[in-house]
1. What translational diffusion coefficient, to the nearest whole µm²/s, does the range 92-163 have by Stokes-Einstein, given a Kirkwood radius computed over alpha-carbon pairs, a temperature of 37 °C and 0.692 mPa s viscosity?
2. How far apart, in nanometres, would the label points at residue 179 and residue 81 be if each is projected 7 angstrom from Cα along the Cα-to-Cβ direction?
3. Between residue 67 and residue 159, what is the label-to-label distance in nm when each label sits 7 Å out along the Cα-to-Cβ direction?
4. Eigenvalues of the Cα gyration tensor times 5, then square-rooted: what semi-axes does that give for the range 25-93, in whole angstrom, largest first?
């Protein structure tokens, strides 16, 4: 009877040991090294969402697989932090996630045409009309940026360089390059001497 009892005890012990080993085993199917896949997850003290959190793990963090649990949790060691804990198996990837591509820089704003005052001076006006109020007077060689033009193409809306003020200037007073001296608009007056000769001749 004692012998039968010993055998029964041994059989029960072996079955219990087998059942216990089936709950927590080494993970032969998982690579020994894996990577955290989501942007952020937690290393926990046990194989459960109710277990205390130990530390945050970031996407791409490398971990060493220690054990797997039948509930779908894996015991790992964080290589970066040298800490042991549990994470869900579904949050692990065999390959490191590719690095995120750098964000493309915003497109540059189109450059505005640059013009220069080509006359001795010109008035910057609030509207495309000689009757409109004068915002300021622009001297010869003043640099401006063209913003718009009127439907007839006789006035340009411009903004002086280094200024936030904008206004309208007659097209004839501007050129696309800097002149060495102001251009003369309209006809030239005849010299006084010539006028005198004409009077004397009469």
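Readers should treat all values here as calculations from the given coordinates under stated rules, not as data from a laboratory. In this text, all values refer to a predicted model and were calculated from it rather than measured experimentally. Virtual Cβ from ideal backbone geometry, glycine too; neighbours counted across all protein chains shown.
1. Estimated via Stokes-Einstein, D reaches 209 µm²/s.
2. Inter-label distance under the simple model: 7.4 nm.
3. About 6.8 nm separates the two model spin labels.
4. Output for the range 25-93: semi-axes of 15, 14, 11 Å.
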